[in-house]
Amino acid sequence: MQDWRLQPAEDLDLSAGERLRSIRRETGLVGAAGRFLWWAAARGILRAGCSLTVRGGENLPLQPPFVMISNHASHLDSPVLAAALPLGWCDRTFALAAGDTFFMSRATAALATGMLNALPIWRGRTRPEHMELLRRRLVDRHSVFILFPEGTRSRNGALGPFKSGLGRLVAGTAVPVLPCHIAGAHGVLPPGRNLPRRGAISLTLGKPLVFADTGNDREGWRKVTEDAERAVRGLAEGAAGATT
């Protein structure tokens with residue numbers, strides 16, 4: 001049995017505004033309770049309004065830490081992935097979101113952190129030490145990260161090429177990467193649309209990938225990226241075949 005250790009909050013030196021935009025942000029009791037209620041309501045709405053179905057639930061790791069990755073074509077994608085997780089994990093689950101989209105104003109930052117527990121990734125401004133901090137948070141704090149390796153939403157619903165950020169998080173660790181595929185979300189709420197349409201959404205969870213023997217270097221990051229993209233594309237092809 002491990003000895004209990006007090007871990008002080010890492011964001012004590014930050015102002016309220018800085019805390020919202022920081023990857024060191026901790027969650028307070030009020031925020032945790034509010035997020036639990038929001039997650040419960042969101043998955044109820046997705047199941048009732050979008051007939052959300054989840055396939056491959058047996059592939060979900062029994063405990064964090066792990067990273068969920070998926071295709072990205074709708075603002076509904078993060079809530080859809082979160083709907084596959086136990087509600088009790090909501091305070092340990094973080095959506096890695098574009099800072100220049102969700103964290104430019106205090107209002108949108110509060111919305112992103114309150115609803116999705118989002119942590120900002122600043123495109124073109126994220127330094128190696130930021131990725132190392134996220135890597136430590138993932139491993140040491142037994143977190144779940146929701147990550148879309150394409151880096152942006154697809155405008156036509158097609159899967160785009162993956163970027164290498166995932167490799168910087170998991171290469172050389174035993175943290176599983178859970179490949180997922182979301183079908184239907186682009187039709188319900190595509191980019192450029194503010195209100196969702198009615199429609200069915202399905203989520204498929206693939207078999208976890210582990211990169212413990214992969215080097216934490218550029219070559220290792222490339223391997224992680226290629227293997228992860230191949231796994232998600234395989235799920236997409238399987239979903240397309242099931243509908244034809």
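The values are calculated or read from the model by the stated rules, or taken from the named source; none is laboratory data. Keep in mind that this is a model prediction, so the values were computed, not measured. Because the Cβ atoms are built from the backbone with ideal geometry, glycine has one as well, and the counts that use them run over all protein chains shown.
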Fill in: Within the range 135-153, tally of residues that are surrounded by fewer than 21 Cβ atoms within 10 Å (Cβ to Cβ) and either modelled with pLDDT of 95 or more or not basic (Lys, Arg) (or both)
6
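Residues are listed down the side, and each one gets a yes or a no for (1) among the hydroxyl-bearing types (Ser, Thr, Tyr); (2) surrounded by 13 or more Cβ atoms within 10 Å (Cβ to Cβ); (3) modelled with pLDDT of 95 or more:
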site: 21; (1), (2), (3): no, yes, no
site: 24; (1), (2), (3): no, yes, no
site: 36; (1), (2), (3): no, yes, no
site: 48; (1), (2), (3): no, no, no
site: 57; (1), (2), (3): no, no, yes
site: 64; (1), (2), (3): no, yes, yes
site: 72; (1), (2), (3): no, yes, yes
Item to complete: Answer with yes or no whether residue 85 is without any contact (Cβ under 8 Å) to a residue 24 or more places away in the chain, part of a loop (DSSP other than H, G, I, E, B) and more than 20 Å from residue 229 (Cα to Cα).
Response: no
Worksheet item: Right, residue 172: surrounded by fewer than 19 Cβ atoms within 10 Å (Cβ to Cβ), on the phi < 0 side of the Ramachandran plot and small (Gly, Ala, Ser) or not?
Response: no
Worksheet, complete the sentence: Of (1) within 26 Å of residue 37 (Cα to Cα); (2) surrounded by fewer than 21 Cβ atoms within 10 Å (Cβ to Cβ), residue 156 satisfies every one except (1)
